[in-house]
Amino acid sequence: MRPSANRISRPLSGHRHRDLQKEGIATRKSRITEVIMLAMLAMVLVIGVRGTKRLAYQLAGLKILIKAISDVQWLAWRELDSRTASEADILSAAGVHAGDVVAVMCEEHRGRTEAAVAAGKVGAEVLYLSTALPSPQVTKVVAGKRPRVVIYDHEFADKLANVPDETRLFVARPDPAFPLPTLQEMVDVYEKRKARSA
């Protein structure tokens, strides 16, 4: 028995083939969106709204970290880990302990990222000071939060002129206008010493 004509498979027309492709892609995208939404809902249920926000902040921080490093140069993870460990030792020697506050007033560059990671290794809380804040507001925030150390870019030195004397100040990166060793240069020296002793 021969199959009826309407049951014989025929090649799809070009338009119909493209339509089916679009439908398939749309279906896959819709399923992916559903999976993402379910995953987000599950996170809210498991770790709560605060935990989900904290995770979002951490992911945003990771994005900033990658951007900051790639803007200057790529670092191997081992090198980043070693440099921030050296910086953490320097911060500890400056009197920073777990629970203290380390303020960072820098543009988005590698030194800013390394400072935040190093402070985290010491167990200190990182306080980001907006570079757009006027000097009186910076003085007020520093007086209120009482950071043990402020790590800053040299161009913002005037805004830190009135911070308390007990607050240690570190310039983050080399600057021709600043003759004293910067934190980045201290880390470079520290790293060379570690390499020689290894």
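Annotations for the structure displayed:
- Here each label is just a point 7 Å from Cα along the line to Cβ, and for Asp165 and Arg193 those points are 2.8 nm apart.
- Neighbour counts of C-beta atoms inside 10 Å place Ser82, Ser197 in the sequence Ser197, Ser82, starting with the fewest.
- Basic side chains Lys and Arg get +1 at the Cβ, acidic Asp and Glu get -1 at the Cβ, and with that the dipole of the stretch 75-197 about its Cα centre reaches some 280 debye.
- Peptides 134-146, 108-120 ranked from most to least packed, by the mean per-residue count of other Cβ atoms within 10 Å: 108-120, 134-146.
- Model label points for His109 and Glu125, set 7 angstrom from Cα along the Cα-to-Cβ axis, are 2.9 nm apart.
- Extension reserve of the Trp77-Leu180 stretch, reckoned as 0.36 nm per residue once the Cα distance is removed: 34.2 nm
- Distance histogram in 5 Å bins (all Cα pairs of the stretch 131-197, percent per bin): 3, 17, 22, 21, 15, 11, 5, 4, 1, 0
FYI, it's all coordinate maths here, none of it is from the lab. Keep in mind it's a predicted model, so treat the numbers as computed, not measured. Positions of Cβ are backbone-derived with ideal geometry, glycine not excepted, and every protein chain shown enters the neighbour counts.
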